[in-house]
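Trainee: Please read through the structure below; I'll follow up with questions.
Readers should treat all values here as calculations from the given coordinates under stated rules, not as data from a laboratory. What you see is a predicted model, and the numbers here were worked out from it, not measured in a lab. Ideal geometry is used to build each Cβ from the backbone, glycine not excepted, and the neighbour counts take in all protein chains shown.
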Amino acid sequence: MLAPVFLLLCFWGTSSIAAQENTTESILARINELISASRHNEAIALFDTIPLPDRDSNLLKLFKASVLSSAGKQNEARVIVEAVNKAEPDNIDALFMLAAIEGTAGRRRQQQTALERVIKIEPDNAAALVELGDLSLRNRNVKQAASYFHRVLTKEPENLSALLGLARAFRVNSEWEDAENLYNHAVKTYPNSAEARSERARFYKSRGFLLQALSDLDEAKKLAPDNYWISVDRGNLLLEMNRKPAALEEFNRAIGINPGEFLAYAYTSGLKDDLGDPDGAERDYGILARMRPDYYYALEGLGLHKMRKENWAEARDAFMEAYKQAPQENIYALLAAICWMRAENPASPRTFLGQAQAKVKRDSLEWYMFRLYYDLTARAYSGENDMIRRVEEEKDEDLKARMMFYMAQYYDVRGNTAMANKYYTLVNDMGKKAIPEWRLIEWIVAGREL
């Protein structure tokens, strides 16, 4: 694989770094400092200041490509790597980097091609064979994956990556005993490997042996206390064991390890809701929405919390963005319209409601609810009794509960608090906790002491 920065420094020498400022050695040292501080764009800019002919060396070009890749600039990295590969078709480092770039882009066929070129040059390259095995597993080709792992183990019987890869292949193929034996062998052979422990923990969790899985993750955590994914796995396991406070603590620990990774926030936001910390949940939903604007569940949670606090304009904006990301979720449009009415006046979202209703399946219960709200924008209440009848006759209990909630909201917008409270109470009594609006129903019922 690519030489790390300290090897590059050794390659060019380090004796003059202190005495000279604009040498290849001193610039590489500065690039290393910037990478360590996650200041990748500044590090990338410095490559253009490296003196010639060093700047044109393929080793430094690949190093620059690796920094570009780390900065998320995959296309720019690919251009450099492909140029190096064209000049040096047998450059193993270039092929590995090309495979990594293609893998990040989800281009599995191209990733496989690059790795196959590696083993054509070096038939026993264990790293390439293991990656090909992992790729085959992702493609659900278990037999081929096992053959790659076996090739490595024939030459290197104790290769940890190959042992774990073959164990995963057995696991995917439901060969439980063979999988467990390999995991046990890996843990016994590498007692200080956090990876071996965490992999076996996943196996135990999938088999329902939760205490054994927790024991392995406890050990993995001791061996690699700063590993984000071990912390997430442990939080997930604690959540499955219904140990929510402990799970929240573990996910918070994961955030402390890597606050720039979004997954742990997806758990902490919901857990904080469950454990009575709505402000904390709102904060984490907001972080999620900023980190991943396409993750509309975060926008949904954020919108509901903004409604809880009667921040109607902010709630509208959150639901409008959620609807933009998931236009098939009609209810986001209705929630956005409700908040819009509260933020301004009932007539404000009339055009938007008409456009949204046109996308809803005609004559569905949702379509009639949209029509009721559309009529509300014109203060025409002729469909109210018809909507009440349709909701009462609905057989799908989850849909019925959701539509009762929107009837309650309808009456709230109109200022008919008594009727709104009636429907909030009815839907609360149904106890349909799986519906997205349930959290808001709980807050309203508690706040109004219904």
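Trainee: Just to confirm the number: angle between the C-alpha axis of helix 397-414 and the first principal axis of the chain, 0 to 90 degrees, nearest 10?
Mentor: On a 0 to 90 degree scale, this one is about 60.
Trainee: For Rg and Dmax of the Cα atoms in Å, pick the label among (i) 26.1, 87; (ii) 28.5, 87; (iii) 30.7, 102 that corresponds to the value derived from the coordinates.
Mentor: Among (i) 26.1, 87; (ii) 28.5, 87; (iii) 30.7, 102, the one calculated here is (ii).
Trainee: Same structure, new question: For the chain, calculate the relative contact order in percent as a whole number, restricting contacts to Cα pairs under 8 Å that are 6 or more residues apart.
Mentor: 5 percent
Trainee: Still on this structure, please answer the following. Show me, for segment 424-432, the HN-Hα J-couplings you get by feeding each phi into the Karplus relation (A = 6.51, B = -1.76, C = 1.60, θ = phi - 60°), rounded to Hz, glycine and proline as x.
Mentor: So the Karplus estimates, Gly and Pro as x, are 4, 5, 4, 6, 4, 5, 6, x, 7 Hz.
Trainee: Taking the Cα atoms of segment 299-407, what is the range of coordinates along each of the three principal axes, in descending order and whole Å?
Mentor: 34, 29, 25
Trainee: OK, next. For the chain, with only Lys/Arg (+1) and Asp/Glu (-1) charged at the beta-carbon, what is the dipole magnitude about the Cα centre, in debye rounded to 20?
Mentor: 880 debye
Trainee: Then there's this: Projected onto the charge dipole of the chain (+1 at Lys/Arg Cβ, -1 at Asp/Glu Cβ, origin at the Cα centre), which of G383, A126, A347 gives the Cα projection farthest towards the positive end?
Mentor: Of G383, A126, A347, it is G383.
Trainee: Relative to the longest principal axis of the chain, what angle (0 to 90°, nearest 10) does the C-alpha long axis of helix 176-189 take?
Mentor: 50 degrees
Trainee: Okay, moving on. Suppose only helical runs count, i.e. DSSP H with n ≥ 4. What mean residue ellipticity at 222 nm does that imply for the chain under -39500 (n - 2.57) per run, divided by all residues and rounded to the nearest 500 deg cm²/dmol?
Mentor: The helix contribution divided over the chain gives -23000 deg cm²/dmol.
Trainee: Let me ask something else about it. Rounded if a/c is under 1.5, else prolate if a/b beats b/c, else oblate: with a ≥ b ≥ c from the C-alpha gyration tensor eigenvalues square-rooted, which is segment 18-104?
Mentor: oblate
Trainee: ³J(HN,Hα) across segment 154-159 via Karplus (A = 6.51, B = -1.76, C = 1.60, θ = phi - 60°), whole Hz, x for Gly/Pro?
Mentor: Computed from phi, the couplings for segment 154-159 are 4, 8, 10, x, 10, 5 Hz.
Trainee: Same structure again: Taking only Cα atoms and a 10 Å spring cutoff, compute GNM fluctuations for the chain and point out the largest among I230, I31, I338.
Mentor: Answer for the Gaussian network model of the chain: I31.
Trainee: What list of ³J(HN,Hα) couplings, whole Hz, do you get for segment 94-106 from phi and the Karplus terms 6.51, -1.76, 1.60, once you set θ to phi - 60° and write x for glycine and proline?
Mentor: Result, ordered by residue: 5, 5, 5, 5, 4, 4, 5, 5, 5, x, 4, 7, x Hz.
Trainee: Hey, another quick one. Which is farthest toward the positive dipole end of the chain among M369, G303, Y267, measuring Cα position about the Cα centre, with Cβ charges +1 (Lys, Arg) and -1 (Asp, Glu)?
Mentor: M369
Trainee: Among L160, G256, L237, pick out the residue whose Cα is farthest towards the positive end of the charge dipole of the chain, where Lys and Arg carry +1 and Asp and Glu carry -1 on C-beta, about the Cα centre.
Mentor: My answer, from the dipole projection, is L237.
Trainee: Among 131-138, 411-418, 391-398, 175-182, how do they line up from the highest to the lowest mean number of other beta-carbon atoms within 10 Å?
Mentor: 131-138, 175-182, 411-418, 391-398
Trainee: Please give the helix 278-291 orientation as an angle from the longest Cα principal axis of the chain, in degrees from 0 to 90, rounded to the nearest 10.
Mentor: Helix 278-291 sits roughly 50 degrees off the main axis of the chain.
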